[in-house]
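Below is one structure; the comments refer to it alone.
Coordinate-derived values only; no laboratory data. Remember, predicted model here, so these are calculated numbers, not experimental data. Reconstructed Cβ throughout: ideal geometry from the backbone, glycine too, with neighbour counts over all protein chains shown.
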């Protein structure tokens, strides 16, 4: 591509971004201190599903500083080649000056062979790379950087960020009116999800986001011929979030002939952050590998858009929201307090929703239930928690409820009950 054409794209994109930041309400994102990782020769890689706010977060990190920005997911850059990337750098210098030290390469996976260019830039510049595919670091970049990168996964708005957008400031002590407003907001969040653009353009934008992900990130990238069947598999998973699945069970309910095809497609759906698979915990490696996974959606709004019947399934939406928050916290604290997430199920089908593992120890067991008082809590859930506690040697037991808070003894073990809103806000 010619230099002037690239400069035009860069300038147009910057004008558009500046216009959005002035026109719309920008919410500061929850994050660890990513700034400290922005020192060369490191590259900061921000992963996440399309339109979750990666560009906005990147610009926040360079707030008050001069930076060059280009989004490669632009129809005018479709024919951009690896050999054109140095022209992009030249365009940056001509626009912002030769002393430019900060660069954002947005949706860089759209350019084949970009890795060595980014690796060269990081030697004397602060570089942020964003991508909507978790395979971004699996190839040449990982080899080129030999560990010189920090990666962080961004999700759609958390409940705390959602409340900030709404102008609600919760606390541990609230009036009845404030509590009512909070519960209304929580109900909306469970159904609407947290995509920032949904609050500006309404629910129709979810259709566009979902369509772009399926078409651009999976069908075109992987040259899938049967898009209809792929969409059927994705819709099946959306309708069955929080449940176990197997490739053969999906095969029987769709027109896909081979389980290996379904396995490959689900891998693609996970790589673009539409879904997260959760492994069953077992001390026996073989059992852990071959046990069914549970599936969770990255955003409740996507789930209720694809499967409207889920809008009335509060228990499922609650569990999915807890899963999203756990995955979010796992990303936030991956360098300071790393942990793994599993679910647990024994041979008698007794189940615990989430198992948190730190190092070689199980640090917490979590059940989720849509209950507003003690009488509505399923006795079986408490018994399953106690059984898992005995088998896994864990005494940190938590049941997340809709609106019930207490600390009780079940079979001699202390169990903490906490409302979903308080847990999502991390209020002790």
Tell me what the chain gives for mean residue ellipticity at 222 nm when only DSSP H runs of n ≥ 4 count, each as -39,500 (n - 2.57), the sum divided by the residue total, rounded to 500 deg cm²/dmol.
-> -12000 deg cm²/dmol
Tail weight of P(r) past 22 Å, computed on alpha-carbon pairs of the stretch 160-318, percent | 50
Highest-fluctuation residue, 345, 177, 294 considered, GNM on the chain with Cα pairs under 10 Å | 177
In degrees rounded to 10, the 0-90 angle between helix 259-271 Cα long axis and the longest Cα principal axis of the chain is 70
Dimensionless Rg/Rh of the stretch 1-73 - Kirkwood Rh, Rg from C-alpha atoms | 0.97
Over the alpha-carbon set of the stretch 289-337, divide Rg by the Kirkwood Rh and report the Rg/Rh ratio to two decimals.
-> 1.08
Reduced Cα scattering model of the stretch 355-411, Debye log10 I(q)/I(0), q = 0.16, 0.24, 0.25, 0.27 Å⁻¹ = -0.49, -0.97, -1.03, -1.14
Picking from 126, 36, 257, which is most flexible by a Gaussian network model of the chain using Cα springs under 10 Å?
-> 36
Can you tell me the alpha carbon radius of gyration of the stretch 66-122 divided by the globular rule-of-thumb value 2.2 N^0.38 Å?
-> 1.06
Label model pair residue 5, residue 334: point-to-point distance (7 angstrom along the Cα→beta-carbon line) in nm is 3.6
Between residue 16 and residue 258, what length in nm is gained on full extension when 0.36 nm per residue of separation is reduced by their alpha carbon distance?
-> 82.6 nm
Where a ≥ b ≥ c are the square roots of the eigenvalues of the C-alpha gyration tensor, would you call the stretch 3-154 rounded, which needs a/c under 1.5, or, failing that, prolate if a/b is larger than b/c, or oblate?
-> rounded
Kirkwood hydrodynamic radius (C-alpha pairs) into Stokes-Einstein, the stretch 321-428, 10 °C and 1.306 mPa s, D in µm²/s | 112
For the residue 361, residue 289 Cβ pair and Förster radius 25 Å, calculated FRET efficiency rounded to 0.05 is 0.75
Quick P(r) readout (the stretch 300-384; Cα-Cα; 10 Å bins; whole %) gives 15, 38, 35, 12, 0
Fewest-first ranking of 149, 222, using other Cβ atoms within 10 Å as the exposure measure | 222, 149
Principal semi-axes in Å for the chain [√(5λ), Cα gyration tensor, largest first] = 39, 25, 21
Highest-fluctuation residue, 412, 193, 211 considered, GNM on the chain with Cα pairs under 10 Å | 412
Cα axis of helix 85-96 to longest principal axis of the chain: angle in degrees, 0 to 90, nearest 10?
-> 80
What share of the DSSP beta bridges in the chain is antiparallel, in percent to the nearest 5?
-> 45
At R0 = 25 Å the Cβ-Cβ FRET efficiency linking residue 376 and residue 30, nearest 0.05, sits at 0.20
The stretch 67-217 - Debye-derived log10 I(q)/I(0), Cα point model, q = 0.13 Å⁻¹ | -0.78
Roughly what angle does helix 176-192 make with the longest principal axis of the chain, taking Cα atoms, 0 to 90 degrees, to the nearest 10?
-> 60
Assertion target for 381, 2, ordered by fewest C-beta neighbours within 10 angstrom first, is 2, 381
Quick one: work out the % antiparallel among DSSP beta bridges in the stretch 351-405, nearest 5.
-> 55
Post the alpha-carbon centroid distance, the stretch 74-141 to the stretch 1-69, in whole angstrom.
-> 13
